[in-house]
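Below: one structure, written as structure tokens.
Quick note: the coordinates plus some simple rules give every number you see, no bench work behind them. All values reported here derive from a predicted model rather than from experimental measurement. Here the Cβ is made from the backbone with ideal geometry for all residues, glycine too, and neighbour counts use every protein chain on show.
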Amino acid sequence: MNSSLLSVSMLSADFGHLANNVTLVNQSSAHLLHLDIMDGVFVPNISYGFPVVESIAKNSQKPLDAHLMIVDPDRYIDRFQKIGISYLSVHYEACTHLHRTIQHIRMSNMKAGVALNPHTPVEVLTDILEDIDFVVVMAVNPGFGGQSFIPHSLSKVSRLKELILKKNPSCLIEVDGGVGMDNAPLLMLAGANILVAGHALFKDGDLQAAIEVFNASI
């Protein structure tokens, strides 16, 4: 059994055939379906709004892993809960009252995660780590798919793992951005539990085959 979970990022999917891609993920050995929610303010890009997310949720048989790259995420927590999101992460850099936001997510019966931009050190989570279920380490600058992996992310995962073992051993580490078969085993060794992959899975046009190969590598 894999020791890491694969979360398939739909940001790299062909939006013209989104329903078909969701079906392919359903029929694969992937563990989660990853949704990047962008507002064009916190990051310089816009992805998809609630109508598309709701459509994906209706068709997905995999737990939904939503990553909010938006300002004022508190406004939308209840709506994501109603849609059926299982894992919901907000950015440390976007939350003025992070503890309150995390409490809101957990009270809504979702797994609560905090995402960190590449420049944000893991130590900022010291006083909140005991209250969260997972941390998303951004290995690229958020906003666009297909970017190259930032090498220092490996040591960042290792430092975070050390902090987690001291503060909250049940907390998971998710890595998002530039993840592929070349670095997936190294990320696992560093302590990652959930790997988000998009471009690496969609680029060759055979999503299911790519998922099986990727899962075999982890």
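Here the simple spin-label model places points 7 Å from the Cα toward Cβ, and for F144 and H99 these points are separated by 3.9 nm.
Shape analysis of the range 119-205 yields a ratio of the Cα radius of gyration to the Kirkwood radius, Rg/Rh, of 0.98. The distance linking the range 49-79 with the range 133-187 is 22 Å (Cα centroid to Cα centroid, whole angstrom). Calculated mean residue ellipticity at 222 nm for the chain: -9500 deg cm²/dmol, from DSSP H runs with n ≥ 4 weighted as -39500 (n - 2.57), summed, divided by the residue count and rounded to 500. Here D14 and I46 are evaluated by their C-beta separation; at R0 = 25 Å the FRET efficiency comes out at 0.90.
Each other residue within a Cβ distance under 11 Å of V137 adds +1 if Lys or Arg and -1 if Asp or Glu, for a net charge of +1. With θ taken as phi - 60° and the Karplus curve 6.51 cos²θ - 1.76 cosθ + 1.60 applied, the whole-hertz 3J(HN,Hα) list for the range 30-42 is 4, 9, 9, 10, 9, 10, 8, 9, 10, 10, x, 10, 5 Hz, x standing for glycine and proline. Taken over the C-alpha atoms, the range 5-217 has Rg and Dmax values of 15.8, 46 angstrom.
Annotation for K167 and S29: the two label points, set 7 Å from Cα along the Cα-Cβ direction, are 3.4 nm apart. Would you list which aspartates and glutamates come within 18 Å of K161, measuring only between C-alpha atoms, while excluding same-chain residues fewer than 8 positions from it? Within reach: E123, D127, E130, D131, D133, E174, D176. With 0.36 nm allotted per residue and the present C-alpha distance subtracted, the S55-D78 stretch has 6.6 nm of extension available. Apply 1/(1 + (r/R0)^6) to the Cβ-Cβ distance of R106 and D182, taking R0 = 35 Å, and write down the FRET efficiency to the nearest 0.05. The pair R106/D182 has a calculated efficiency of 0.50. In this calculation the C-beta distance from A209 to V124 is compared with R0 = 30 Å, giving a FRET efficiency of 0.15. Summarising the amide proton neighbourhood of L35: residues at separation of 5 or more, or on other chains, whose placed amide H is nearer than 5 Å comprise D65, A66, H67. The alpha-carbon of K156 sits under 20 angstrom from the alpha-carbons of these lysines, leaving out residues fewer than 8 places away in its chain: K166, K167.
Of all lysines in the structure, the ones whose alpha carbon falls short of 24 Å from that of K62, not counting any fewer than 8 places away in one chain, are K82, K111, K203.
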